[in-house]
Amino acid sequence: MRCGLIIARMVIDMNEARLMTIEQIEQFLSASTLIEFSAAGDNGERYGHISRVLTRFDYPGRNKRERGILLRYLQHTSGYSRAQVTRLVTRWQRNRLAAVPLVKRYRAPAAPFVRKYTALDVELLVEMDQAHEDVCGPAIAHLLQRAYRDYDDPRYERLATLSVSHLYNLRKSAGYQAQRRNFTKTRPVCHAIGVRKAPGPEGRAGFVRIDTVHQGDQDGVKGVYHITCVDAVSQWQVEACVQGLSEAFCCPC
């Protein structure tokens with residue numbers, strides 16, 4: 001199925017110029033309703049495809065119905081949503097006299113933002129956290145301010161203005177985690193979770209032995225369970241019969 005999608009996209013790229021009228025585009029859409037087109041190439045190639053179609057079919061001079069057909073065609077062949085195609089067509093109409101009407105507007109800035117806190121500041125924060133055993137953020141922020149204002153340490157000039165919220169951001173940074181990351185092994189349990197042994201009543205009543213016996217099944221029908229409760233000292237005994245050994249059957253109604 002994937003190969004079929006790729007072949008269909010190549011046929012459109014090669015034979016798109018054969019679609020000369022709105023009726024031919026409408027017939028193409030009706031014949032390719034079951035075909036899902038994948039995005040081939042980058043945004044620049046798809047922007048060029050949209051510009052060529054809008055220019056060739058004189059989109060501004062078409063009526064409402066014909067514009068809707070062109071929008072459906074561009075949505076079908078470009079891989080964009082209807083809302084994205086509408087936004088791109090609006091941009092093309094504003095800039096259609098330009099040499100390249102559609103260009104990608106989102107790109108990396110030419111001059112990225114300058115980092116306020118450097119790697120040295122992160123190292124100082126690591127030292128402060130280690131010295132005070134990772135106390136809360138407000139306490140560390142106050143200690144950073146004292147290091148600069150009260151003890152005149154110029155290394156803490158930038159950290160003296162560090163907010164508590166951004167302090168936690170620095171703690172989550174890769175540079176901080178690389179210096180403070182440590183692993184501890186799972187500690188074994190030092191005491192037994194449960195002990196099964198005979199009770200030691202030491203002459204006191206109230207230590208009860210409980211025994212359960214399944215009566216057995218007959219002709220595929222599940223049998224009942226007999227529960228025997230015997231006091232270890234007084235030998236006082238209680239017998240019970242339940243349908244199953246679960247809370248639903250053993251709890252009093």
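The values are calculated or read from the model by the stated rules, or taken from the named source; none is laboratory data. Quantities reported herein were computed from a predicted structural model and do not represent experimental measurements. Note: ideal-geometry Cβ built from the backbone for every residue, glycine included; neighbour counts use all protein chains shown.
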### Query
Quick check: is even one residue across the range 175-192 assigned to a helix (DSSP H, G or I) and without any contact (Cβ under 8 Å) to a residue 40 or more places away in the chain?
yes
### Query
Between a first residue in the range 10-35 that is in the same structural domain as residue 52 (by TED's automatic domain parsing) and a second residue that is at pLDDT below 80 and surrounded by 12 or more Cβ atoms within 10 Å (Cβ to Cβ), which pairs have beta carbons less than 6 Å apart while being 6 or more apart in sequence or on different chains?
25/19; 35/8
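If you go through the range 42-73 one residue at a time, how many are part of a helix (DSSP H, G or I), among the charged types (D, E, K, R) and more than 41 Å from the chain's Cα centre (by Cα)?
The total comes to 4.
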### Query
Any idea which of 227, 193 is of a type in the set (Val, Ile, Thr) and at pLDDT below 90?
193
#### Entry: Answer residue from the range 155-174, given it is assigned to a helix (DSSP H, G or I) and polar (S, T, N, Q) and is surrounded by the fewest Cβ atoms within 10 Å (Cβ to Cβ) among those
165
### Task
Would you please name the residue that is surrounded by the most Cβ atoms within 10 Å (Cβ to Cβ), looking only at residues in the range 74-110 that are of a type in the set (Gly, Ala, Ser) and in a helix (DSSP H, G or I)?
78
### Query
Do we find a residue being over 18 Å from residue 179 (Cβ atoms), surrounded by fewer than 13 Cβ atoms within 10 Å (Cβ to Cβ) and out of contact with any Gly (no Cβ under 6 Å at 6 or more places or on another chain) anywhere in the range 121-130?
no
### Query
So which residues in the range 111-120 are in contact (Cβ under 8 Å) with a residue 24 or more places away in the chain, surrounded by fewer than 12 Cβ atoms within 10 Å (Cβ to Cβ) and part of a loop (DSSP other than H, G, I, E, B), if there are any at all?
116, 118
### Task
Select from the range 133-154 the residues that are in contact (Cβ under 8 Å) with a residue 12 or more places away in the chain and either among the hydroxyl-bearing types (Ser, Thr, Tyr) or surrounded by fewer than 13 Cβ atoms within 10 Å (Cβ to Cβ) (or both) and list them in ascending order.
138, 148
### Task
Among residues belonging to the range 201-222 that are among the small types (Gly, Ala, Ser) and under 53 Å from the mean Cα position of the chain (by Cα), point out the one that is surrounded by the most Cβ atoms within 10 Å (Cβ to Cβ).
216
### Query
Does residue 134 meet the test of being among the acidic types (Asp, Glu), under 33 Å from the mean Cα position of the chain (by Cα), modelled with pLDDT under 90 and outside any helix (DSSP H, G or I)?
yes
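Of the residues 172, 197, only one is out of contact with any Pro (no Cβ under 9 Å at 6 or more places or on another chain) and either among the β-branched types (Val, Ile, Thr) or within 30 Å of residue 118 (Cβ to Cβ) (or both); which?
From the options 172, 197, the qualifying one is 172.
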### Query
Quick check, is residue 152 farther than 30 Å from residue 245 by Cα and either of a type in the set (Phe, Trp, Tyr) or not in a helix (DSSP H, G or I) (or both)?
yes
